[in-house]
Amino acid sequence: MAETTRWGILATGKIAHKLAEDLALTPGNELAAVGSRRLEAAEAFAQQHGAGAAYGSYEELAADPDVDVIYVATPHSLHLEGARLAFEGGKHVLCEKPLTLNIAQAEEMVALARQHDRFLMEAMWTACNPVIRRLGDDLRAGRFGTPRQAHAELGFRVDGGPDHRLLDPDLGGGALLDMGIYPLTFAHLMLGPAEELTATATLSEAGVDLDVAITGRYAGGALATMTASLTSGASRAAAVATDEGRLDVPAEFHHPTYAVWTPTGGEPERIEADEPVIGVGYGNEIAEVGRCIQAGLRESPLVPLDRTLLLMRQMDDLRRQIGVRYATD
């Protein structure tokens with residue numbers, strides 16, 4: 001394989017545009033092709049972002065010999081289908097989060113990756129963010145004392161009708177899968193695996209979770225509160241309180257550029273990353289995928305598949321608690 005990792009993007013929605021913008025900023029990676037179910041959409045995307053080829057079907061993209069890895073950017077309910085096409089075409093996969101709708105589909109995707117001997121990673125850019133990585137490392141090293149509590153919230157108001165992607169149960173809509181996965185991941189990265197999670201939610205008439213609140217207990221008795229909302233403007237901030245002070249991760253905690261450590265009775269200290277945040281942060285996960293593929297790895301140590309599956313099991317249980325079901329369950 002050439003030293004440059006050649007990317008294909010499957011689907012041309014909003015998130016695909018964002019990733020393509022950061023891809024252009026990430027050394028050693030290039031956009032080779034894009035696929036859409038409408039050729040016109042693929043051609044417009046390719047022209048905007050400088051892709052070498054545009055296809056009017058996902059099958060054609062998966063068959064392109066000049067593509068090494070495919071980013072699956074479809075709605076949640078179509079992730080498994082897109083990843084299967086990519087694996088069958090001999091491609092590695094970066095799949096938008098959450099990996100799938102439920103644990104059964106996630107386990108199937110992981111099995112497909114191993115069957116085809118291909119790299120697979122969930123696009124959890126938070127775990128690749130250099131600020132988040134430094135905070136987790138420093139917490140585990142004891143620099144900030146012993147964590148006792150954490151909080152993270154993410155949300156925004158969705159004004160679309162019932163056919164909006166985030167409000168459509170057939171597309172895996174809801175606050176938990178689309179946004180709640182970030183507070184859950186943050187707490188896991190800061191506190192370790194949850195020992196117990198409990199959720200409550202407000203549901204739409206269609207049975208989609210509009211607002212969800214989660215409490216968690218972690219190793220050593222640490223506690224976390226996590227919220228996600230499709231109806232309100234949450235702060236998008238996170239914090240970890242320890243027995244020696246407080247870590248604050250300001251707005252956009254899921255892709256921060258800095259954090260603030262305030263020791264009890266002391267002065268605030270700005271915590272920055274040991275390496276740059278590339279673009280708005282997608283570049284760091286792109287760089288990690290490229291690094292792993294060039295090294296011949298089949299999963300990333302920053303976003304290991306076991307963690308992805310663990311969080312999916314947690315979300316399955318949380319959905320059971322709040323009464324949200326999908327047709328695939």
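The values are calculated or read from the model by the stated rules, or taken from the named source; none is laboratory data. Quantities reported herein were computed from a predicted structural model and do not represent experimental measurements. Here Cβ is always computed from backbone atoms with ideal geometry, including for glycine, and neighbour counts include all displayed protein chains. In case anyone asks, the SASA skips ligands and DNA or RNA and just uses the protein heavy atoms, side chains included. Shrake-Rupley method; radii C 1.70, N 1.55, O 1.52, S 1.80 Å.
With r defined as the distance between the Cβ atoms of SER204 and ALA111 and R0 fixed at 35 Å, what FRET efficiency is calculated, to the nearest 0.05?
Values: r = 33 Å, r/R0 = 0.95.
Given R0 = 35 Å and the Cβ-Cβ separation, E is 0.55.
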Suppose accessible area is computed on protein heavy atoms with a 1.4 Å probe; arrange VAL208, VAL280 from highest to lowest.
VAL280, VAL208
To the nearest 10 Å², what's ARG217's accessible area with a 1.4 Å probe?
90 Å²
Within straight cross-link reach of LYS91, meaning Cα distance under 13 Å, which aspartates and glutamates are found once same-chain residues fewer than 8 apart are removed?
GLU59, GLU60, ASP64, ASP66, ASP68, ASP117
At most 13 other Cβ within 10 Å, DSSP loop - GluC sites (Glu not before Pro), region 192-262
GLU205
List the aspartates and glutamates whose Cα lies under 14 Å from the Cα of LYS18, skipping any in the same chain that are fewer than 8 positions away.
GLU96, GLU285
For the chain, accessible area per residue (1.4 Å probe, heavy atoms of protein chains only), Å²
41 Å²
Of (1) 59, 46, 36; (2) 52, 41, 37; (3) 68, 48, 36, which one was derived for Cα extents along the principal axes in Å from the structure shown?
(1)
Report the full-extension gain for the segment GLN47 to LEU310: residue separation times 0.36 nm, less the Cα-Cα distance, to one decimal in nm.
90.8 nm
